[in-house]
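The next block holds one structure in the form of structure tokens; read it before the comments.
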Amino acid sequence: MAPSLRECVFVVASEGRQERARSRSDGATLEIPSHLREMHACDFRAHFFCAVMNARIVTLLLGLIGVLGCGSPAAAQRREIQDDRFRQLEEILPTPNIYRTASGAPGPEYWQQRADYVIDVELDDEQQKIIGRETVTYHNHSPDALAYLWLQLDANLFTPDSDSALTRTAPDLGRMSFDTLRSLLTRETFDGGVKIAEVKDAAGQPLRYTVVKTMMRVDLPQPLKSGESVQFSVAWSYQINNAKVLWGRTGYEFFPEDGNYIYEIAQWHPRLVAYTDATGWQHKQFLGRGEFTLELGDFLVRITAPSDHLVTATGVLQNPADVLTPTQRERLQEAREAKEPVFIVTPEEAKANEKSKPSGKKTWVFRAENVRDFAFASSRKFIWDAQGHDVEGNRVMAMSFYPNEAEPLWSKYSTRAVIHTLNVYSRYTFPYPYPVAISVNGPVYGMEYPMICFNGPRPEKDGTYSKRTKYSLITVIIHEVGHNYFPMIVNSDERQWTWMDEGLNTFLQFLAEQEWESDYPSERGEPKHIVPYMRSAQQTPIMTDSESILQFGNNAYAKPATALNILRETVLGRELFDFAFKEYARRWRFKRPLPADFFRTMEDASGVDLDWFFRGWFYTTQHVDLAIENVRLATPAPKDPEKAKSQKRQERDEEPKTLSQIRNLDLPKFVDALPELKDFYNEFDPLTVTDDDRKSHEEFLKDLTDEEKQLLATEKNFYVIELKNVGGLVMPVILEIEYEDGQKQELRIPADIWRLNDRQVSRLLITDKTIKSILLDPHLETADVELENNYFPRRIVKSRFELFKEKKGQNEMQKKKPAAKEPAKTP
Ligand SMILES: [Zn+2]
């Protein structure tokens, strides 16, 4: 049976008297002592109640006062179940200091290290090898003296005895694709580790070094003092992984049809490990999932590749005259001001290049300023298109590099998606500061680097493509180009906190997708899409070290992105959120924020205490499930005895008759046969108005002021909406109230309503109208995992079932039996 509104009446009492009140639902009568009414002197709300049969009076009084929001229901019981979801985060956040303020901004003594690189690297297309030599200038801006430096040798991930390989747990061997088997077998033997040839100081003297798994410690002859710089060089080489066999964020792809390769090269040179005020050296080894924590600096990189390769990289090409044809340079010039992407190398030219043989080598020189990393791509298969675009005053060359296999999808969407991303992200953060933004198609499905990213989706061989492929491509380009903002520029610690770049980036990705076209099929961002994850088992909080996260994509991408969307749309509103989010991006642009800096800035700039939100969404695995438990209606009881008693008579008449009462109605009664047995009480009705009633009413009225008489005439409905928090996460309560007259009203109640009781609360609604129904979270904005308890009254849950006819299959013997032969024809 569907729940209905429960009605009760309340009695308006004048000062200094005790009034008797009667609840319609059960008929219990009880007294409210006047001192209690005065204690909760919030006008006459304190005198209003719905009695519960069998409840002890004290409990009842506390309960009804709590219902009205001026007390605490069942306080003793609640103490045990109450988790303080509004407890401030200070005790778990790092103590603010001179490097990071309590407002979430960089402090007056904020510092970060700097590493500048000059690198010569050769790409060996015959043996798929990288051979490099770099000179690093490391600036110690920390207050500490450093006796040694740590470098990252990420390619050591690809050795059979790496921690990544040794700690990988067994896969499911029940069913295996050829790709998986090929990958497992290759991992057993392939050595893609870094071979260090030498480490020398600026004077050319060897430096002592120790390789520790994916890191290398370089011992300095004397400690590097605060404020000083040191220069040293490293020579190394390594075997490039086949990224189609050994998954990675870098690698090559081989095309058997034409014998060519596409190289997407990253994590390719020894890079300085970050040294920070929060962690010292970031000593978490590379296990494959937690990404990269890096220092900002300038790069000058000379890339030597086969003479017929096209090379693209982080930064600006310094020697176009040496490596590009006059036609290509002309087209580039034209593209700078073009209104649409212009081919620098056309599909036909790229096709022709596939058959070319190198006449030697060419060296491409790139310079990049204020970047935390450097990646490049190289192939003779590349088509190249470009379009200059103005991003809030910064002229950016948006470019794409892709083989003919990526057509016709890539020339249509890639560079345009790059431009769209820069527009949207710049608006929500800061103007894109770099001179180029590049999207490359190759074996890596989606990976970001400063100014350049690698994106995988391609159409079928015949040039057709599914809807999924199309939107995967646009989505992955928005995502990877978007990473320029987080973590390439807002330089968070990826090795530790995946959500700080992936979560924030996925949130902005959702905004950019929705600005690409109406109803863009975004998979992450909408609260309703996170519901299956939120109700799943096997979760970790968002605030979990990258390597220990369960359900990685949901935890580190989708959940924080959705949380931020909810924070924006439901908790803060767009204006406050956008201001605060931009402030965070602006404060930490080219700096290194920690989670606390984000939490603190969002509060500091919005002016809203969000500790409950960050605590619930980032530090727990609770989910949202709010429910409407009940709705009660109270109306003022008439004081006029004529009205009061007539109303009570009506109520008495409407009370349901018991089965025996109904069946006994026509039974001959003993006293009917002997009327002399009837007396006064057979006729007496306590609901008949007496002179005493009238007199006492007149006296009551005499004591009232005019204003009290006006209050007495109140004819409003007092609805109490009882809410329950089933899931655990506290959230704002959004109610759509539909009245009998067809009008709708939306009531948006901040999450703070749960601050005294995080399990159940009530909200009073005073109205002239009659409520027909109430719907909780009508716009699906809170990721509420159970919607049926959001309806009041409950609705009938509908579904459809399919009819089918049983078909009997053949057993193995029947299948084996030869088909009945046709009768032989007589010749
Ligand atoms: Zn990402």
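From the list Pro443, Pro403, Pro459, Pro450, which one is open to solvent by less than 30 Å² (accessible area, probe 1.4 Å) and within 16 Å of the ligand (Cβ to nearest atom)? Break it down stepwise before answering.
On the way: Pro443 fails: within 16 Å of the ligand (Cβ to nearest atom); Pro403 fails: within 16 Å of the ligand (Cβ to nearest atom); Pro459 fails: within 16 Å of the ligand (Cβ to nearest atom).
One residue alone meets the criteria, Pro450.
What pairs can you find where one residue is in region 609-624 and modelled with pLDDT of 95 or more, the other is assigned to a helix (DSSP H, G or I) and among the acidic types (Asp, Glu), and their Cβ atoms are less than 7 Å apart, with a gap of 6+ or different chains?
Correct list of pairs: Asp609/Glu603; Leu610/Glu603.
Which condition number does Ala350 fail, the rest of (1) surrounded by fewer than 19 Cβ atoms within 10 Å (Cβ to Cβ); (2) without any contact (Cβ under 8 Å) to a residue 60 or more places away in the chain; (3) among the small types (Gly, Ala, Ser) being met?
(1)
Go through Thr506, Thr475 for me and flag whichever is within 16 Å of the ligand (Cβ to nearest atom), open to solvent by 10 Å² or more (accessible area, probe 1.4 Å), over 22 Å from Pro347 (Cα atoms) and touching a Pro at 6+ places or on another chain (Cβ under 9 Å). Quick ask: steps written out before the conclusion?
Values: Thr506 fails: open to solvent by 10 Å² or more (accessible area, probe 1.4 Å).
The match here is Thr475.
State all residues of region 237-281 that are part of a loop (DSSP other than H, G, I, E, B), open to solvent by 10 Å² or more (accessible area, probe 1.4 Å) and within 22 Å of Val199 (Cβ to Cβ); if no residue qualifies, say none.
Listed by number, the list holds a single entry, Gln267.
Checking Ser466 against (1) free of Cβ contacts under 8 Å to residues at least 12 places away in the same chain; (2) crowded, with 24+ Cβ neighbours inside 10 Å, which single condition isn't satisfied?
(2)
Take region 510-552 and flag every residue that is open to solvent by 20 Å² or more (accessible area, probe 1.4 Å), within 16 Å of the ligand (Cβ to nearest atom) and assigned to a helix (DSSP H, G or I).
Of everything in region 510-552, just one residue is open to solvent by 20 Å² or more (accessible area, probe 1.4 Å), within 16 Å of the ligand (Cβ to nearest atom) and assigned to a helix (DSSP H, G or I), namely Phe552.
Looking at region 246-268, which of its residues are modelled with pLDDT under 95 and among the aliphatic types (A, V, I, L, M)?
Leu246
For the subset of region 282-307 comprising residues that are open to solvent by 30 Å² or more (accessible area, probe 1.4 Å) and of a type in the set (D, E, K, R), which member is farthest from Tyr99 (Cα to Cα)?
Within region 282-307, the match that is farthest from Tyr99 (Cα to Cα) is Arg302.
With respect to Lys769, determine if the residue is under 30 Å from Ala713 (Cα atoms) and open to solvent by 100 Å² or more (accessible area, probe 1.4 Å). I'd like the intermediate steps shown before the answer.
On the way: under 30 Å from Ala713 (Cα atoms): yes; open to solvent by 100 Å² or more (accessible area, probe 1.4 Å): no.
For Lys769, the condition - under 30 Å from Ala713 (Cα atoms) and open to solvent by 100 Å² or more (accessible area, probe 1.4 Å) - is not met.
Please enumerate the residues belonging to region 406-420 that are within 16 Å of the ligand (Cβ to nearest atom) and either over 17 Å from Glu517 (Cβ atoms) or in contact with a Leu (Cβ under 9 Å, 6 or more places away or on another chain) (or both). Can you show your working first?
Of all residues in region 406-420, those within 16 Å of the ligand (Cβ to nearest atom) come to 417-418.
Within region 406-420, Ala417 is the sole residue that qualifies.
Somewhere in region 293-306, is a residue more than 20 Å from Met447 (Cβ to Cβ) and part of a loop (DSSP other than H, G, I, E, B)?
no
Take the conditions closer than 28 Å to Thr327 by Cα and within 16 Å of the ligand (Cβ to nearest atom) and apply them to Val436. Does it pass? Spell out how you get there, then give the answer.
Values: closer than 28 Å to Thr327 by Cα: yes; within 16 Å of the ligand (Cβ to nearest atom): no.
No, not satisfied.
Any idea which residue in region 145-174 is farthest from the chain's Cα centre (by Cα), counting only those that are acidic (Asp, Glu) and surrounded by 16 or more Cβ atoms within 10 Å (Cβ to Cβ)?
As a first pass, look at region 145-174 and keep what is acidic (Asp, Glu): 154, 161, 163, 172.
Narrowing the set further to residues that are surrounded by 16 or more Cβ atoms within 10 Å (Cβ to Cβ) leaves 154, 163.
Working: Asp154: 29, Asp163: 30 Å.
Among those residues, the one meeting the criterion is Asp163.
Please count how many residues of region 489-498 are more than 11 Å from the ligand (Cβ to nearest atom) and assigned to a helix (DSSP H, G or I).
As a first pass, look at region 489-498 and keep what is more than 11 Å from the ligand (Cβ to nearest atom): 489-493, 495-497.
Of the ones still in play, those that are also assigned to a helix (DSSP H, G or I) are 489.
Total satisfying the criteria: 1.
Pick out the one residue from Ser177, Ser142, Ser103, Ser183 that is open to solvent by less than 10 Å² (accessible area, probe 1.4 Å) and polar (S, T, N, Q). Quick ask: steps written out before the conclusion?
On the way: Ser177 fails: open to solvent by less than 10 Å² (accessible area, probe 1.4 Å); Ser103 fails: open to solvent by less than 10 Å² (accessible area, probe 1.4 Å); Ser183 fails: open to solvent by less than 10 Å² (accessible area, probe 1.4 Å).
Among Ser177, Ser142, Ser103, Ser183, only Ser142 is open to solvent by less than 10 Å² (accessible area, probe 1.4 Å) and polar (S, T, N, Q).
For region 123-139, how many residues are open to solvent by 40 Å² or more (accessible area, probe 1.4 Å) and within 17 Å of Gly193 (Cα to Cα)? Talk me through it step by step, then tell me what you get.
Start the filter on region 123-139 by keeping residues that are open to solvent by 40 Å² or more (accessible area, probe 1.4 Å), which leaves 126-127, 129, 131, 133, 135.
Next, from what is left, pick out any that are within 17 Å of Gly193 (Cα to Cα): 127, 129, 131, 133.
Going through region 123-139 one residue at a time, the tally reaches 4.
The values are calculated or read from the model by the stated rules, or taken from the named source; none is laboratory data. All values derive from a computational prediction rather than experimental measurement. Glycine gets a Cβ as well: all are built from the backbone with ideal geometry, and neighbour counts include every protein chain shown. Just the protein is used for accessible areas: all its heavy atoms, side chains included, with ligands, DNA and RNA removed. Shrake-Rupley method; radii C 1.70, N 1.55, O 1.52, S 1.80 Å.
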